[in-house]
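*Asks:* Here it is, the structure, as C-alpha cells.
Please treat every number below as a calculation from the coordinates, not as lab data. Small disclaimer: the values here were computed from a predicted structure and weren't measured. Reconstructed Cβ throughout: ideal geometry from the backbone, glycine too, with neighbour counts over all protein chains shown.
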Amino acid sequence: MTNHRERIQTCLSGELPDQTPVALWRHFPVDDQTPSALAAAQLAFQHAYDFDLVKVTPSSSFCLKDWGADDVWEGSTEGTRRYTKHIITGPRDWESLPALEPTAPHLAGQLACLRQIRAGLGPDTPMLQTIFNPLSQAKNLAGGETLLVHLRKYPDAVMKGLQTIAATTQRFVEAALSTGIDGIFYAVQHAQASLLNEDEFIHFSREMDLQILGAAENLWCNMLHLHGEDVYFNIAKDYPVHIINWHDRETPPSLAEAQKTFKGVLCGGVSRDTLVYKNAGDVQREADDAIQQTGRRRLILSTGCVVPIIAPHGNIQAARNVVNH
C-alpha cells in the first residue's frame, strides 16, 4: 500500500498518485500554549483523520514571545489569539530589536514540540513546521497599522528590524532541520494589494523570504501560503517551494489558472465557508470540481487557510473521504 510520504512524493513528481492527497490543518487554542499539549493535539487530530501531511500550527506568537510580545485567547472561530502587547511603538524600536537564538525559551519549546510530533507520527507522514515570514512577524510585533505607517515613513528603520527578524527566523529553520521535519509551511500575509503595492512587497519581503527559504532548500516538501485576497501570485510563484497554497475559492487565480504557470503542486480546492456552513454533499462537489480542474495531477486537496475550529466533524470527514468514492 502507498503510504502518505510516497503519495505526496508521487504528486510532487507530477505523476498520477493512487489517490488525490488530502491535508487539512487547524489551530489548537489553549493547547498551543505549551509544547507538549500542542504536540498531543496535533497527533490526536492526525490520528482522527489520517491526512497525507501534518502541518504543525502553533500560535503565531511562538516566534515573538521571546521578544516580549503577548497575546490572549478570546474565542476566535479561526483559533487565533489577539495581541495584547506590541513591543514596537516608535520607529527606533525596529533598530534596537535584538537577534534571537533558537535556544530562546519559546523557540526551543517549539523545537521540542516538533520532536514529540515526529516521534508520534513515525517516518511515513510528512511534517511541516509553520514559519511566518518577517513582515508577518513584524505586523504582530508592532500592530498592522503601525507597521504600514512606519514602513512608509521610516523605511530604513523598518528594514533593519526586518533583517533582524529574518536572521532570527533563518537560525530557527536551521535548528528545526534536526527535528525531522520534511518541509516548512511559509506563511506570507502581505502579498495583498490591499496592504502593499507590488514594489513595496518586493522591497520589504521578497529578498528576506528567499533568504529564509534558502535555509530550507534541502527539505523536499516546502509549502508557500499566500494569505488573503488579491494576492501577488505572479510575484511569488517562482519562490523556491514545492507546493503553493492560497484562498483559491475566494480570490484569483483558480486552480486551473494557477496550474498553467506554477510547475509545482497546488494545495486547495475547498472553501472554508463550505466546510463550516454547508453539508457533506457540498464539500464533495467542491472537492470533485478541484480534482477535475487539475486532472488529478499536482493537487493536494485542502482549504485556502486554516480550518475554523467550528467546522463540523462530518464535513472534515467528507473532505478526507472524497478521494475514496
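*Asks:* Which of the three applies to the stretch 137-277, rounded, prolate or oblate, going by the alpha-carbon gyration tensor with a ≥ b ≥ c and a/c under 1.5 meaning rounded?
*Replies:* Values: a/c = 1.77, a/b = 1.17, b/c = 1.52.
Because a/c hits 1.5 or more and a/b fails to exceed b/c, the stretch 137-277 counts as oblate.
*Asks:* Full-extension gain between GLU200 and LYS278, please, as 0.36 nm times their residue separation minus the C-alpha to C-alpha distance.
*Replies:* On the way: separation 78, 0.36 × 78 = 28.08 nm, distance 3.83 nm.
Length gained between GLU200 and LYS278: 24.2 nm.
*Asks:* In whole Å, how far is the Cα centre of the stretch 24-79 from that of the stretch 265-293?
*Replies:* Centre-to-centre (Cα) distance: 24 Å.
*Asks:* By how many nm would the segment from ALA193 to LEU16 grow when fully extended, if each residue of separation counts as 0.36 nm and the alpha-carbon distance is taken off? Spell out each step's value before the answer.
*Replies:* On the way: separation 177, 0.36 × 177 = 63.72 nm, distance 3.52 nm.
Value of the extension gain: 60.2 nm.
*Asks:* Note the full-extension length gain between GLN211 and ARG115 as 0.36 nm times their separation in residues minus their Cα-Cα distance, in nm to one decimal.
*Replies:* Working: separation 96, 0.36 × 96 = 34.56 nm, distance 2.46 nm.
Net length gain for the segment: 32.1 nm.
*Asks:* A follow-up question, please. Determine the shape class of the stretch 20-88: with a ≥ b ≥ c the square roots of the Cα gyration tensor eigenvalues, call it rounded for a/c under 1.5, and otherwise prolate if a/b is greater than b/c, oblate otherwise. Numbers along the way, then the final one.
*Replies:* Details: a/c = 2.34, a/b = 2.22, b/c = 1.05.
Cα axes put the stretch 20-88 in the prolate bin.
*Asks:* What is the Rg over Rh value, at two decimals, for the chain, using alpha-carbon atoms and the Kirkwood definition of Rh?
*Replies:* Working: Rg = 18.8 Å, Rh = 19.9 Å.
My calculation of the ratio gives 0.95.
*Asks:* A further question follows. Can you pull the one-decimal nm distance between simple spin-label points at ALA108 and GLU257, each 7 Å off the Cα toward Cβ?
*Replies:* About 4.8 nm separates the two model spin labels.
*Asks:* Determine, from the Cβ-Cβ distance of GLU101 and ILE235 and an R0 of 22 Å, the FRET efficiency 1/(1 + (r/R0)^6), rounded to the nearest 0.05. Present the calculation step by step, with values, prior to reporting the outcome.
*Replies:* On the way: r = 32 Å, r/R0 = 1.44.
E between GLU101 and ILE235, to the nearest 0.05, is 0.10.
*Asks:* Same structure again: Under a 10 Å cutoff between Cα atoms, tell me which one of LEU151, LEU128, LEU114 has the largest fluctuation in the Gaussian network model of the chain.
*Replies:* Residue with maximal mean-square fluctuation among LEU151, LEU128, LEU114: LEU151.
*Asks:* Additional query: Please report the antiparallel percentage of DSSP beta bridges with both residues in the chain, rounded to the nearest 5.
*Replies:* Values: 4 of 29 bridges.
Percentage antiparallel, nearest 5: 15.
*Asks:* Okay, next question. Can you flag which of LYS160/LYS263; LYS85/LYS278; LYS55/LYS139 are past 25 Å Cα-Cα? Don't skip to the answer; put the middle values down first.
*Replies:* Details: LYS160/LYS263 34 Å; LYS85/LYS278 37 Å; LYS55/LYS139 22 Å.
In this structure, LYS160/LYS263; LYS85/LYS278 exceed 25 Å between Cα atoms.
*Asks:* Taking loop as defined by DSSP and a crowding limit of 11 other beta carbons within 10 Å, which trypsin sites (Lys or Arg not before Pro) in the stretch 224-325 fit? Don't jump to the answer; show the numbers that get you there.
*Replies:* Values: sites: LYS237, ARG249, LYS260, LYS263, ARG272, LYS278, ARG285, ARG296, ARG297, ARG298, ARG320; in loops: LYS237, ARG249, LYS263, LYS278, ARG296, ARG297, ARG298.
Filter output for the stretch 224-325: LYS263.
*Asks:* Would you list ASP238, ASP52 from fewest to most Cβ contacts within 10 Å? Spell out each step's value before the answer.
*Replies:* On the way: ASP238 12, ASP52 25.
Ranking ASP238, ASP52 by Cβ neighbours within 10 Å, fewest first, gives ASP238, ASP52.
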